[in-house]
Amino acid sequence: MGVNEFHFSILRALLVLFALLPLGCASLPRADAQDLARTRTQFPTATLASLEAGRRAFADSCAGCHALPRPEAKSADEWPKVLDEMAHEAKLNSGQRDLIAQFLTAISRRSQAAQLERR
Ligand code: HEC
């Protein structure tokens, strides 16, 4: 195998690898301590662990019928109403629904806060 052929096969292997990576989940933001502080005004019992559990439940439950929605697509006020409908679609119990609501409103609040700072 010549050097060029060898490089080509490495390149091809990398392309296949990247094509198989679950990008939707990898690019989904994680909630941090600041997000948690903002979320507690709405969900007083939220923790970093519950926000991470919500992130995972969201990625697992919400991409079956349509693309995974962006958390910033709805405001913190809008998400609970959307989730009331989608919890039925995704057959979530109320615990799963609440975890996903925590995560989505946390990231949505983060982008709302960032927009206010830019003004
Ligand atoms: C069984 C299929 C199914 C699953 C699972 C599902 N959805 Fe949906 N979703 C739909 C359909 C169908 C629509 C479009 C009809 C509608 O708006 O009611 C939709 C629309 C939406 C919309 C746009 C609604 C609007 O008012 O702009 C959002 C946001 C959404 N889904 C979020 C979610 C989330 C979050 C989850 C996970 C909890 C989820 N979906 C799981 C079927 C599903």
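What follows draws every value from the coordinates through simple rules; no lab data is involved. A quick note: this is a predicted structure, and the numbers were derived from the prediction, not measured. Glycine also receives a Cβ, built like all others from the backbone with ideal geometry; neighbour counts cover every protein chain displayed.
Within the shell of other residues whose beta carbon sits under 15 angstrom from the beta carbon of R38, the net charge comes to -1, with Lys and Arg scored +1 and Asp and Glu -1. The residues packed around P80, meaning those with a beta-carbon under 11 Å from its beta-carbon, carry a net charge of -2 if Lys and Arg are +1 and Asp and Glu are -1. Loop-located trypsin sites (Lys or Arg not before Pro) in region 24-117 (DSSP state not H, G, I, E or B) with no more than 11 neighbouring Cβ atoms inside 10 Å: K91. A rounded overall shape is assigned to region 49-96, the ratio a/c of its alpha-carbon gyration tensor axes (a ≥ b ≥ c) being less than 1.5.
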